[in-house]
1. Which residues, counting only those in the stretch A:110-139, are part of a helix (DSSP H, G or I), facing another protein chain (nearest Cβ under 9 Å) and crowded, with 20+ Cβ neighbours inside 10 Å?
2. Here is a check on your reading of the model: is residue A:237 modelled with pLDDT under 85 and away from every other protein chain (no Cβ under 12 Å)?
3. For residue A:218, work out the one condition from (1) more than 8 Å from chain B (Cβ to nearest Cβ); (2) in a helix (DSSP H, G or I); (3) surrounded by fewer than 24 Cβ atoms within 10 Å (Cβ to Cβ) it doesn't fulfil.
4. Answer yes or no: is there a residue in the stretch B:35-54 that is out of contact with any helix residue (DSSP H, G or I) (no Cβ under 6 Å at 6 or more places or on another chain) and more than 14 Å from residue B:278 (Cα to Cα).
5. One residue is enough: does the stretch B:39-59 have a residue meeting the conditions under 30 Å from residue A:110 (Cβ atoms), at the interface with chain A (Cβ under 8 Å from one of its Cβ atoms) and either free of Cβ contacts under 8 Å to residues at least 60 places away in the same chain or in a helix (DSSP H, G or I) (or both)?
6. So is residue A:68 in contact with a helix residue (DSSP H, G or I) (Cβ under 8 Å, 6 or more places away or on another chain), over 30 Å from residue B:28 (Cβ atoms) and either outside the structural domain of residue A:200 (by TED's automatic domain parsing) or buried (at least 20 other Cβ atoms within 10 Å of the Cβ) (or both) or not?
7. Out of (1) away from chain B (no Cβ under 14 Å); (2) assigned to a helix (DSSP H, G or I); (3) within 20 Å of residue A:292 (Cα to Cα); (4) touching a helix residue (DSSP H, G or I) at 6+ places or on another chain (Cβ under 8 Å), the odd one out for residue A:173 is which?
8. Can you tell me which of A:42, A:33 is more than 12 Å from chain B (Cβ to nearest Cβ), at pLDDT 90 or above and under 30 Å from residue B:112 (Cα atoms)?
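The values are calculated or read from the model by the stated rules, or taken from the named source; none is laboratory data. Given the structure is predicted, the values throughout are model-derived calculations rather than measurements. Quick reminder, even Gly has a Cβ in these numbers, built from the backbone with ideal geometry, and neighbours come from all protein chains shown.
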């Protein structure tokens with residue numbers, strides 16, 4: 001009897017150790033990411049100065065005279081993410097207000113999974129759709145739109161991030177207590193006026209957090225831009241021209257054969273580090289905004 | 001008395017909102033129909049499913065693609081459950097948030113939230129730098145499974161925690177009252193009752209991972225694989241060879257999404273039929289997985305009503 005109890009206690013401690021180790025491993029993943037990005041970036045910056053990386057306006061790693069200025073890639077990334085936000089914010093807000101304030105429970109039950117399904121669609125499928133369906137249609141409307149451009153991927157990404165811009169905004173608005181709406185109705189405000197001047201401002205930090213997470217998602221998206229935006233580092237704000245994003249560059253280099261330690265190999269880690277930092281900043285802002293939601297009421 | 005309460009914008013707004021949702025719906029619908037029509041010729045061609053990729057678009061198929069996807073996903077599911085479920089159990093059942101250990105617990109929690117938001121391609125760089133070059137696993141099925149498991153991990157942990165949180169305190173107190181240790185309680189009560197929720201999370205995570213392309217391209221997955229990994233089964237006793245299993249793990253591979261990417265980026269229009277067909281199949285797979293997860297979730301919620 002006693003030995004069985006002792007045995008049980010040892011097993012109990014052992015399992016605690018196993019579970020704790022599993023938790024620790026998740027930290028090692030982040031440590032691994034930071035280690036790989038930093039150590040290979042440091043190697044990269046031994047050959048290319050940080051000053052060149054941040055001030056040069058050309059990105060030509062495959063040319064004979066290699067230039068490593070990250071701005072064309074950053075510009076391409078933000079141009080496409082910007083177009084995505086221009087599509088996603090109005091569409092997402094309209095849907096969020098409609099679903100949270102007007103739609104019946106039944107409509108909502110169908111609509112939410114459909115919107116959230118957008119996140120589950122393989123991005124390579126979106127890429128195919130962008131290149132071979134959206135771009136040809138846009139070419140009929142927009143003059144001088146090239147076969148590879150930032151407009152079409154931007155628009156498609158705008159839909160792709162609706163789970164953040166619409167669904168999360170709806171969650172935030174749903175979180176506004178009903179009594180606040182009732183108070184507004186009691187004062188004679190219409191439903192629309194209540195939605196726009198009471199519910200929307202009350203839910204604003206949650207809504208903006210969703211927008212920022214959506215933007216972060218668009219910045220880190222790879223396949224749609226790799227397929228449909230072109231592979232041409234281009235410092236431009238013209239949505240009709242081909243561009244290359246940070247993620248697109250990583251894919252382009254990875255598709256070739258990478259000798260370990262070569263300058264091209266190292267350069268994708270420097271670009272990856274910049275991407276990781278941008279995503280980290282965006283996510284931190286979103287987390288901070290979401291933590292503020294609770295303080296309102 | 002004039003009715004001021006319902007002005008024109010008030011009537012119009014719900015219509016505009018519903019229209020916005022309809023735009024999204026038709027976007028999705030167009031996407032699916034477009035893939036289906038473009039790929040129909042190949043979707044209904046049985047040899048497409050059992051042929052290797054080829055230079056000739058009419059002979060090319062997705063055999064190595066779906067076999068690779070199957071093997072890589074098996075690895076990804078194994079690794080993500082191996083780490084994800086225990087980590088979720090720890091955070092929900094064991095974490096006390098006190099003392100130095102408590103600090104570590106908070107870091108683990110924050111870290112998992114952060115991992116969920118890291119762009120997928122960064123995981124590809126992690127895998128390239130660590131698994132491929134530093135651990136020397138190469139551009140193999142093993143590396144790919146590990147890479148995708150990291151992507152699935154946050155979803156598994158979050159769903160495990162949510163499933164466990166739904167179990168009321170009384171169940172635990174009841175178990176402790178009759179002398180069960182914490183591990184007894186977890187094994188006999190917490191795990192069985194939360195299994196449905198954990199499985200739902202697993203299916204959702206797997207449905208995302210199955211379509212992931214970028215991290216696998218980053219680790220150097222080949223796009224042209226005209227062979228299958230060696231079979232680990234042998235004709236003599238014990239009918240399975242450890243060496244051969246290792247060969248499977250270390251075998252180069254391709255997966256469906258990479259095959260699609262390869263076909264999309266080719267200039268010949270004939271390959272785009274293949275891309276559309278494979279894309280449609282992949283899309284249907286993810287729809288099915290999400291539908292199963294949705295159904296499962298509803299069922300689990302009805303099974304245990306505390």
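1. First, the residues of the stretch A:110-139 that are part of a helix (DSSP H, G or I): A:110-117, A:123-139.
With the extra rule that they be facing another protein chain (nearest Cβ under 9 Å), the set shrinks to A:111, A:113-117, A:123-129, A:131-133.
Correct list: A:111, A:115, A:123, A:124, A:125, A:126, A:127, A:128, A:129, A:131.
2. Working: modelled with pLDDT under 85: yes; away from every other protein chain (no Cβ under 12 Å): yes.
It is true that residue A:237 is modelled with pLDDT under 85 and away from every other protein chain (no Cβ under 12 Å).
3. Only one criterion is unmet by residue A:218, namely (3).
4. yes
5. Residues of the stretch B:39-59 that are under 30 Å from residue A:110 (Cβ atoms), as a first pass: B:39-40, B:43.
Checking which are at the interface with chain A (Cβ under 8 Å from one of its Cβ atoms) leaves us with none.
No, the stretch B:39-59 contains no residue that is under 30 Å from residue A:110 (Cβ atoms), at the interface with chain A (Cβ under 8 Å from one of its Cβ atoms) and either free of Cβ contacts under 8 Å to residues at least 60 places away in the same chain or in a helix (DSSP H, G or I) (or both).
6. So residue A:68 passes the test.
7. Result: residue A:173 passes all but (1).
8. Values: A:33 fails: more than 12 Å from chain B (Cβ to nearest Cβ).
Among A:42, A:33, only A:42 is more than 12 Å from chain B (Cβ to nearest Cβ), at pLDDT 90 or above and under 30 Å from residue B:112 (Cα atoms).
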